[in-house]
Amino acid sequence: MLVKTGQGDRQAFAMLYQATSAKLFALALRILASRDLAEEALQDAYVKIWHSADTYREDKAAVMTWMTAIVRNRCIDLLRASPREQGLHEDQSFDDWASEDLGPMEAAATQSDTKALLRCMSQLAPKQRQAFALSYFHGLAHEQLAQQLAQPLGTVKTWLRRGLETLKNCMGGVK
């Protein structure tokens with residue numbers, strides 16, 4: 001459907017929207033915690049998908065992964081423009097977000113690269129995983145992460161830098 005969408009096929013785009021919008025909306029709603037903002041993010045994302053479908057490369061990512069990244073990036077843009085702070089509640093952890101029964105990521109979780117990433121994420125310390133979750137799902141900057149996690153800024157930056165190195169080494173064997 002995405003290939004035909006890239007060729008300007010409106011019916012294919014309608015089918016793509018029908019097949020993916022619920023999961024992508026759930027992702028946007030989870031990130032933004034606001035129905036209005038989630039609807040705005042989803043609309044903007046689908047406009048971008050319509051205009052960028054011809055640039056999609058199958059060898060780089062699965063269709064749902066590519067579309068999820070577009071929605072996620074739009075949500076992050078909206079969060080950064082929003083004056084209110086976003087974050088995980090104190091009683092939530094990355095493990096809650098990464099479970100395989102997540103609605104928005106359900107389709108992506110079946111992809112081998114996502115399973116490999118989740119496996120690699122399990123190698124990180126719990127606080128590192130939480131920092132990655134806040135960064136990825138909520139788009140928090142380093143300073144915001146430090147405040148949310150009640151840790152010094154340098155500590156948070158070190159967690160992320162070392163965590164990225166761990167993930168890079170772990171994912172290096174994937175493909």
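Throughout, read-outs are computed from the coordinates displayed, never taken from laboratory work. This structure is a prediction, so every number in the text was calculated from the model and none was measured. All Cβ positions, even for glycine, are placed from backbone atoms using ideal geometry, and neighbour counts span all protein chains on display.
General observations
- Extension gain for Lys48-Thr158 works out to 36.2 nm (0.36 nm per residue, less the C-alpha to C-alpha distance).
- Diagonalising the gyration tensor over the Cα atoms of the stretch 1-84 and scaling each eigenvalue by 5 before taking the square root yields semi-axes of 23, 13, 11 Å, largest first.
- Cα-centre dipole for the stretch 1-84 with unit charges at Cβ (Lys and Arg positive, Asp and Glu negative), debye to 20: 220 debye
- Sorted ascending by nearby beta carbons within 10 Å, beginning with the fewest, His51, His138 become His51, His138.
- Over 20 Å between alpha carbons, listed pairs Lys127/Lys157; Lys23/Lys115; Lys23/Lys157: Lys23/Lys157
- Percent RCO, i.e. relative contact order, over the stretch 1-84, from Cα pairs under 8 Å lying at least 6 residues apart: 35 percent
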